[in-house]
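Undergrad: Please see the structure below; I have some questions.
The values are calculated or read from the model by the stated rules, or taken from the named source; none is laboratory data. Values in this document were obtained by computation on a predicted structure and should not be read as measured data. We place every Cβ from the backbone using ideal geometry, glycine too, and count neighbours over all the protein chains shown. The protein model used for the area step is the full one, side chains on, heavy atoms only, and it has no ligands, DNA or RNA in it. Shrake-Rupley method; radii C 1.70, N 1.55, O 1.52, S 1.80 Å.
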Amino acid sequence: MFWRWAGSQQSKSHEAMTNSSVVTLERHIVEEERNRPEATGAFSNILLSITLAAKIISREVNKAGIVDLLGGTGDTNVQGERVQKLDLYAQDVIYRAMDHTGALCCMVSEESEDILPIPEQFPKGKYVLIFDPLDGSSNIDVNVSIGTIFSVHRKITDGEDGTVEDCLQAGCKQVAAGYVLYGSSTMLVYTSGQGVHGFTLDPSIGEFLLSHRDLVIPDPPSRMYSINEAYYPRWSRGQQRLMQHLKGLDGEGTVSYSSRYIGSLVADFHRTLLKGGIFMYPADSKSPHGKLRLLYEAAPMAMICEQAGGRASDGGTRILDLIPEAIHQRTPLYIGSSEIVAMAEDFLAEDV
Ligand code: AHM
Ligand code: MG
């Protein structure tokens, strides 16, 4: 019985690799590069290296429960090695997958206060990679989806080494953005300005396969909102009124929305991208700039969202127009279906 099962898995994998209608992420990246006559391959190199890192992190995330059984974070594992926190591990994996490519001049990670230079021994390149290695990592312990988010900018200063100035660019200058969702399956979704494409990892062959070509937020969208409502007492009047409206409680005869909140940005955004609706992380009296980070959480999601026909703002200004002043800067975030985000902005305008 086992052998028959293993055999059919094997033949499916073989079919996936030989069937020309199956598009691997690698093939997709190479084909997109052909559409850019000026391409040097450096940009494709970045995406391919991120793919490798994503597979390694996916493998470790899937093992997280079992690692806990064998020795939790901060402990010593059965081989006598120290078990590293998964988000720091993910940062290391991405950094080491990228540091030698010759495509980058520096990196920025949520887990490191300063920019990460490229080691002396490796050549420097013309791009900057900004990433959140493992967003929502507090969800690991309860087996809830988490993700990696990344953003790529072109270097704008002279000289070989990347500087803070190279990193502090508006989101509209991004040349690519994407995320990896470690969920019931592992998915990589990215845009390089030519639409949004989603790939699902087939673990049997270790390849990301194109599963969602040219993703567009559905229109009309699902009427779904996603927000941590526990913060209601700390919100502005406009935000509170918006919530009353979404619940159909403002006496305007509106149909109430449905609510979904995972507490993991990648998962909450992914659902919003596929189904429509709105994800919100507002400012409040305790966190006047919200919680999420502009460079490696809001801006990459905003680029993907706009490429998929959606809208993303901080409640008043388009996320992609915000000029960052610090690499770990926070911003409120309203993202999803255009008409719903625009409606949220109208409510928030009352606060001004
Ligand atoms: P993290 O970068 O420390 O993991 O925090 C970001 C996460 C997001 O994934 C999620 O949208 C948000 O925090 C949830 O915050 P809250 O618990 O306040 O609802
Ligand atoms: Mg994060």
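Undergrad: Heavy atoms only, probe 1.4 Å: what % of the accessible area of the stretch 25-212 goes to carbon and sulfur, would you let me know?
TA: Carbon and sulfur atoms account for 49 percent of the accessible area of the stretch 25-212.
Undergrad: What fraction, in whole percent, of alpha-carbon pairs in the stretch 25-212 exceed 22 Å separation?
TA: Looking at the stretch 25-212, the distances longer than 22 Å represent 48 percent of pairs.
Undergrad: Counting only protein heavy atoms and a 1.4 Å probe, tell me what percentage of the stretch 224-351's accessible area is made up of carbon and sulfur.
TA: Numbers: 2400 of 5040 Å².
Its accessible area is 48 percent carbon and sulfur atoms.
Undergrad: Can you tell me how much longer the chain between ASP351 and LEU249 gets when fully stretched, taken as 0.36 nm per residue apart minus their C-alpha distance, in nm with one decimal? Spell out each step's value before the answer.
TA: Working: separation 102, 0.36 × 102 = 36.72 nm, distance 1.96 nm.
Contour length minus Cα-Cα distance gives 34.8 nm.
Undergrad: Quick one: accessible area per residue over the chain, 1.4 Å probe, rounded to a whole number of Å²?
TA: Dividing the accessible area of the chain by its residue count gives 47 Å².
Undergrad: Run down the lysines and flag those whose C-alpha is under 19 Å from the C-alpha of LYS286, throwing out any fewer than 8 positions away in its chain.
TA: none
Undergrad: Can you compute log10 of I(q)/I(0) for the chain with the Debye formula, treating each Cα as one identical point scatterer, at q = 0.07, 0.12 Å⁻¹?
TA: Reported log10 I(q)/I(0), two decimals: -0.31, -0.91.
Undergrad: Please state the charge dipole magnitude for the stretch 25-212, taken about the Cα centre, from unit charges on C-beta atoms (+1 on K and R, -1 on D and E), reported in debye and rounded to the nearest 20. Before the final figure, lay out each step's value.
TA: Numbers: 14 positive and 27 negative charges, 108 e Å.
In debye, rounded to 20, the stretch 25-212 gives about 520.
Undergrad: Hey, if we sort LYS247, LYS291 by accessible area with the 1.4 Å probe, largest down, what's the order?
TA: LYS291, LYS247
Undergrad: So what is the calculated 222 nm ellipticity per residue for the chain, using -39500 (n - 2.57) for each DSSP H run with n of 4 or more, over all residues, to the nearest 500 deg cm²/dmol?
TA: -10500 deg cm²/dmol
Undergrad: Also, I was wondering about something else. HN-Hα J couplings of the stretch 156-171 from phi, Karplus 6.51/-1.76/1.60, θ = phi - 60°, integer Hz, Gly and Pro as x?
TA: So the Karplus estimates, Gly and Pro as x, are 10, 9, 6, x, 7, 7, x, 10, 4, 4, 5, 8, 8, 10, 4, x Hz.
Undergrad: Sticking with this one: Run the simple label-point estimate for ARG34 and VAL142 please: 7 Å along Cα→C-beta, distance reported in nm.
TA: 4.7
Undergrad: If the limit is 26 Å between Cα atoms, which of LYS55/LYS85; LYS155/LYS275; LYS85/LYS275; LYS85/LYS155 go over it?
TA: LYS155/LYS275; LYS85/LYS275; LYS85/LYS155
Undergrad: Each residue of the stretch 193-201 in turn: what ³J(HN,Hα) in whole Hz from Karplus with 6.51, -1.76, 1.60 and θ = phi - 60°, glycine and Pro shown as x?
TA: Whole-Hz 3J(HN,Hα) from phi for the stretch 193-201: x, 10, x, 10, 10, x, 10, 10, 6.
Undergrad: Between beta-carbons, use under 10 Å as the cut-off and find the net charge around THR51, counting Lys and Arg +1, Asp and Glu -1.
TA: Values: positive: LYS55; negative: GLU26, GLU207.
Net local charge, THR51 excluded: -1.
Undergrad: Please list, in chain and number order, the residues 5+ apart from ARG330 or on another chain whose amide H is under 5 Å from its amide H, with Hs placed from the backbone.
TA: LEU294
Undergrad: Just read off the accessible area of ARG311 with the full protein assembly in place, 1.4 Å probe, to the nearest 10 Å².
TA: ARG311 has an accessible surface of roughly 90 Å² with all protein chains in place.
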